[in-house]
Amino acid sequence: DGVMKNWHGDVHTVLSPICVKTPTGLERRVIGSYPLCGPDEAMESLNAAVAAYADGRGEWPTMSVAERIACVEKFTGRMIAKKQEVVKLIMWEIGKSYADSVKEFDRTVEYIHATIDALKNLDRKSSSFAIEQGIIGQIRRSPLGVVLCMGPFNYPLNETFTTLIPALIMGNTLLFKPPKHGTLLHFPLLEAFRDCFPAGVVNTIYGRGNQIIAPLMESGKINVLTLIGSSKVANQLKKMHPKVNRLRAILGLDAKNAAIITEKADIDLAVKECVLGSLSFNGQRCTAIKIIYVHSSVAAAFLEKMTTAVGQLKSGMPWEKDVFLTPLPEPQKPGYLQSCVADAVAHGAKVINPFGGAANASFVYPAIVYPVNEKMKLYREEQFGPVIPVVPFDDIETPIRYLIEADHGQQVAVFSNDAAELASLIDPLVNQVSRVNINCQCQRGPDIFPFTGRKDSAEATLSVFDALRAFSIRSLVATKQ
Ligand code: G3H
């Protein structure tokens with residue numbers, strides 16, 4: 001209610017992936033609305049963030065680390081009190097299961113606590129004095145300025161906060177645009193932002209990205225762009241900045257993670273991990289396994305077991321017990337996924353599992369597509385949904401070459417029970433991607449581990465510690481002895 005109060009401009013109606021029956025069929029249910037800021041309101045928010053930063057002389061950037069931590073702790077307490085409200089909105093807004101929505105919330109709170117602990121350590125180290133060659137140096141961590149922070153729809157709370165919180169706690173001021181699918185769930189927290197931080201430090205903007213982000217970037221007043229999204233958008237935004245060399249970009253971008261199943265793999269384990277890796281939250285994770293290379297000698301066994309495992313997954317509404325497959329928030333996604341499957345079939349692949357690719361309104365049943373080759377869209381495109389392309393190989397050089405030639409370089413999962421084979425693969429793989437998972441699926445966590453990517457998959461590294469470094473500069477006060 002607070003968000004809409006006194007608003008007379010355009011309004012965005014939020015449609016849930018949860019559908020209702022209407023006389024003409026299933027339709028996405030209306031679950032709320034929010035104001036769509038125009039360029040003027042966005043610039044007002046920018047000016048507020050710039051004023052609060054005040055060239056590094058504002059209350060927030062000059063506050064002691066202990067005081068900033070106290071503000072974030074107060075905020076976290078208020079956030080925890082809103083848990084059920086936020087969890088419910090995650091389910092309704094993006095269709096995430098109740099269990100995963102709770103996990104997303106709890107993981108975010110844990111991330112904030114871990115960030116506070118890490119900062120206490122960093123501060124202890126950073127404020128230590130070093131004496132070298134007659135110079136006493138006090139090394140500090142100083143903020144960077146105004147941060148434009150944009151998170152993704154698939155982890156609208158968690159991934160947003162893994163950049164927003166470190167940026168904030170390091171003394172920067174913020175403009176924060178929630179993802180289009182995943183805005184309402186931030187509303188219960190807005191009051192806490194207002195109450196726990198000085199005015200102008202956290203500014204939330206809503207609106208159509210193409211209308212409000214351009215003027216912000218073109219102003220040249222954004223010091224840090226942080227976005228979890230597509231490399232195409234990130235590049236467009238960076239180019240808008242008049243002095244791009246002065247812009248720090250902290251980006252989590254595209255990924256097409258591969259699983260490689262060698263002839264020496266434990267097939268049951270590979271199937272279990274590949275199902276989780278490809279289909280958790282319906283495959284809508286940047287870390288999802290989005291293509292599977294399987295050795296020809298074990299392909300038939302793998303596909304049969306994979307089909308059985310997928311057939312056992314429960315589909316339904318996010319709040320249903322043990323549900324795994326749920327409706328998709330992006331309205332265009334079912335059609336897009338079906339076009340990818342149709343394209344693969346037109347080029348000679350088959351949908352291996354019963355009902356694979358069947359869609360009903362916002363729901364798409366997972367499709368295992370085999371054999372996929374380079375002529376098909378699914379070979380290179382990041383499908384970001386419940387479609388599993390499987391490619392047979394005879395020579396291990398084939399999947400390695402796939403990774404070398406890819407535009408992405410986030411993660412790979414390799415399955416083998418042969419230690420010597422695994423050892424021989426680690427270097428060729430880890431020099432193509434930023435994380436090699438041995439006999440387990442690809443994933444971001446634990447959040448203390450570095451999270452990044454090569455090529456078009458990322459810029460900068462996130463982790464509890466790395467994010468604190470990314471959103472600050474290591475500065476020095478030097479005094480001659
Ligand atoms: O979408 C990208 C997320 O960071 C993935 O996190 O691997 O823990 O699901 P996750």
Quiz item: Loop-only check: which trypsin sites (Lys or Arg not before Pro) in the stretch 364-403 are DSSP coil with at most 16 other Cβ within 10 angstrom?
Solution: Lys375
Exercise. Could you state the angle between the C-alpha long axis of helix 333-346 and the longest principal axis of the C-alpha atoms of the chain, as a value from 0 to 90 degrees rounded to the nearest 10?
Key: 40 degrees
Quiz item: Please identify the GluC sites (Glu not before Pro) of the stretch 311-420 that satisfy two criteria: DSSP loop assignment and at most 14 other Cβ atoms within 10 Å. Which are they?
Solution: Glu320, Glu374
Quiz prompt | Of Lys290/Lys375; Lys264/Lys377; Lys350/Lys377; Lys272/Lys377; Lys82/Lys321; Lys82/Lys177, those spanning more than 18 Å from alpha-carbon to alpha-carbon | solution = Lys264/Lys377; Lys272/Lys377; Lys82/Lys321; Lys82/Lys177
Quiz prompt | In sequence order, calculated HN-Hα J values of the stretch 232-238 (Karplus, 6.51, -1.76, 1.60; Hz; x Gly/Pro) | solution = 4, 5, 4, 5, 4, 5, 4
Exercise. Rank these for me by crowding, Arg435, Arg208, going from fewest to most other beta carbons within 10 Å.
Key: Arg208, Arg435
Self-check item: Shape call, the stretch 176-235: gyration tensor on alpha carbons, a/c limit 1.5
Solution: oblate
Self-check item: Anisotropy class of the stretch 350-481 from Cα gyration tensor, a/c 1.5 cut
Solution: prolate
Quiz item: Can you list the lysines whose alpha carbon sits under 16 Å from that of Lys232, skipping same-chain ones fewer than 8 residues off?
Solution: Lys256, Lys455
Practice problem: Would you mind getting me the FRET efficiency between Asn210 and Ser424? Use the beta-carbon distance for r and R0 = 60 Å, nearest 0.05. | Solution: 0.80
Practice problem: Under 17 Å Cα to Cα from Lys120, which aspartates and glutamates show up? Leave out anything in the same chain fewer than 8 places away. | Solution: Glu67, Glu73, Glu110, Asp466
Quiz item: Whose amide H sits under 5 Å from the amide H of Leu36, counting only residues 5 or more places off or on another chain, with H placed in the peptide plane?
Solution: Asp10, Val11, His12
Practice problem: Please turn the phi angles of the stretch 423-439 into ³J(HN,Hα) values with the Karplus equation 6.51 cos²θ - 1.76 cosθ + 1.60 (θ = phi - 60°), one per residue in order, whole Hz, x for glycine and proline. | Solution: 4, 6, 8, 4, 4, x, 7, 5, 8, 10, 10, 9, 8, 10, 9, 9, 6
Practice problem: Rank these for me by crowding, Lys480, Lys333, Lys264, going from fewest to most other beta carbons within 10 Å. | Solution: Lys480, Lys264, Lys333
Quiz prompt | Exposure proxy ranking, count of Cβ atoms within 10 Å, fewest first, for Cys286, Cys71 | solution = Cys71, Cys286
Practice problem: With an 8 Å cut-off on Cα pairs and a minimum separation of 6 or more residues, tell me the relative contact order of the stretch 1-122 in percent. | Solution: 21 percent
Self-check item: Approximate shape of the stretch 273-404 as ellipsoid semi-axes (Cα gyration tensor, √5λ), whole Å, largest first
Solution: 24, 16, 13
Quiz prompt | Inter-site label distance for Ser142 and Arg401 at 7 Å from Cα along Cβ, in nm | solution = 5.2 nm
Quiz item: Restricting to the chain, what percent of DSSP beta bridges are antiparallel, rounded to 5?
Solution: 45 percent
Quiz item: Applying the Karplus parametrisation 6.51 cos²θ - 1.76 cosθ + 1.60 with θ = phi - 60° to the phi angles of the stretch 41-53, what ³J(HN,Hα) value in whole Hz is obtained for each residue in order, glycine and proline being reported as x?
Solution: 5, 4, 5, 4, 5, 4, 4, 5, 5, 5, 5, 5, 6
Quiz prompt | Whichever aspartates and glutamates have a C-alpha closer than 14 Å to that of Lys74, once near sequence neighbours (fewer than 8 apart) are set aside | solution = Glu191, Asp195
Exercise. Set the Förster distance to 51 Å, then compute FRET efficiency between Trp319 and Ala130 from the Cβ-Cβ distance, nearest 0.05.
Key: 0.40
Quiz item: Once both axes come from the Cα atoms, what is the angle between helix 187-196 and the longest principal axis of the chain, in degrees from 0 to 90, rounded to 10?
Solution: 30 degrees
Self-check item: Inter-probe distance in nm under a simple model that places probes 7 Å from Cα toward Cβ, at Ala54 and Lys83
Solution: 3.8 nm
Quiz item: Hey, rough spin-label estimate for Lys232 and Asp195, points 7 angstrom out along Cα→Cβ, what's it come to in nanometres?
Solution: 4.3 nm
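Coordinate-derived values only; no laboratory data. Every value quoted in this text rests on a predicted model; they were computed, and no experiment measured them. Please note: Cβ atoms are built from the backbone with ideal geometry, for glycine as well, and neighbour counts cover all protein chains shown.
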